[in-house]
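Read through the structure below, which is laid out as structure tokens, and then see the notes.
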């Protein structure tokens, strides 16, 4: 596969954005350019539903600036779409003809269904949720979907967005307490018209700039130690506390809030009313950000049409395939290490030394696959690079806490190294959780030692008791000296976690002939 570039232009009611995506030789998609203009086209839509001359010129001027960027690339395709403002403009045809005449672009107007569907498509192809409610608050409309078993069940587009709510209810730059109450009442009434929404008790997955700013403010407030916004999880109480802190600020103070884009200072509080109403009606406390939205959904559609992407595949498997390609993981060796780690974990559980949940086994499986992936950068400090890489790389399909557990397991070197990495995340874990995962890390490290020469010589493993000690019996089909040396060196980490001495017995497979 060769490197390819794709452009998506999103003409929203509040912002216009050009994103140039790069699809590299491994198939991984990355943003190469991301150009945003706060055009606020919704403000140029008259009471009669006409996009006025100033609004049309703002649109054309912005597209000309985007054109300077798109002409720089040799693009496979350029997709230019418009949402609520152009969709509702009565002079829509005039706008489309003028854009086609004066720019390189042809606008495709998305229906409210398409807008909702593309957001749902982006979420289900980049997040781990089987069921959920998505919300995308734009400038002039708000799209909601309900999906179950990753299939779209219902959708609705409301003719209000953060910008139109501000225009309808707010007299000055910032809403008063009374105006916020009016917005809250109005939005809740609107949401309650959907009979498929109440009491679903499912996570709210939020798309778009307002949700992104809510998360950015929260990350700044709590001193969040990780990079990345996608799949960040908040509670309803976090948003309530944030609203209580922001509402009393004057507009100048609001513009200086860390994490809040200056151009969203006047619409963040109206947008938060929508989130709070939705959380109430759905009866949930879980609010999760999807960094992937309409533009990503469009790109997925473009790639699917060109037979370059399959949608609705296992999101996490795809992420780990990309990791394997990016860091040249030897898949055959990684899968053998994975199988051995799972086998050792099962022996430890069968012996009554630990109990594993399905989630533990899930994390063990993926951590064993990418164990010491940081050696790609430097073999001497591979564990350190492994932790940093996995903790800070967005892994679609893995929420942030699980990403940290994965990083701790896959970088396991010894107890003190593990504890240093875990220290900043102490508050994320309860009681003995960290000790529990440390045992899994020691199991993966031992599994790696059993494949020291990558020859796949291990035919069978058993764990037995001998007095107070454990005996690890390893049956091999080739000479095992190198493996035995490594296991002797590394078994102490498992011994410390199990609080037992481990005796090693290496023996020949009866069906092999070791010279």
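The values are calculated or read from the model by the stated rules, or taken from the named source; none is laboratory data. On a predicted model such as this, the values are computed, not experimentally measured, just so you know. Cβ atoms come from the backbone with ideal geometry, glycine included; neighbour counts cover every protein chain shown.
Right, residue 304: free of Cβ contacts under 8 Å to residues at least 40 places away in the same chain, part of a helix (DSSP H, G or I) and under 25 Å from residue 11 (Cα atoms) or not?
In short, yes.
With the requirement that a residue be assigned to a helix (DSSP H, G or I) and surrounded by 15 or more Cβ atoms within 10 Å (Cβ to Cβ), what does the range 247-262 give you?
Once the filter is applied, which keeps residues that are assigned to a helix (DSSP H, G or I) and surrounded by 15 or more Cβ atoms within 10 Å (Cβ to Cβ), the range 247-262 yields 254, 255.
Quick one: is residue 316 in contact with a helix residue (DSSP H, G or I) (Cβ under 9 Å, 6 or more places away or on another chain) and under 24 Å from residue 177 (Cα atoms)?
In short, no.
One residue is enough: does the range 453-463 have a residue meeting the conditions free of Cβ contacts under 8 Å to residues at least 40 places away in the same chain and under 25 Å from residue 354 (Cβ atoms)?
For the range 453-463, residues free of Cβ contacts under 8 Å to residues at least 40 places away in the same chain and under 25 Å from residue 354 (Cβ atoms): absent.
Looking at 54, 48, 31 in this structure, which one is loosely packed, with under 15 Cβ neighbours inside 10 Å, under 23 Å from the mean Cα position of the chain (by Cα) and outside the structural domain of residue 167 (by TED's automatic domain parsing)?
Checking each option against the conditions leaves just 31.
Restricting attention to the range 462-485, which residues are surrounded by fewer than 17 Cβ atoms within 10 Å (Cβ to Cβ) and outside any loop (DSSP other than H, G, I, E, B)?
Listed by number, the residues that qualify are 462, 464, 465, 466, 469, 471, 473, 481, 482, 485.
Being in a helix (DSSP H, G or I), free of Cβ contacts under 8 Å to residues at least 12 places away in the same chain and surrounded by 12 or more Cβ atoms within 10 Å (Cβ to Cβ) narrows it down to one of 488, 495, so name that one.
None of the other options fit; the residue is 495.
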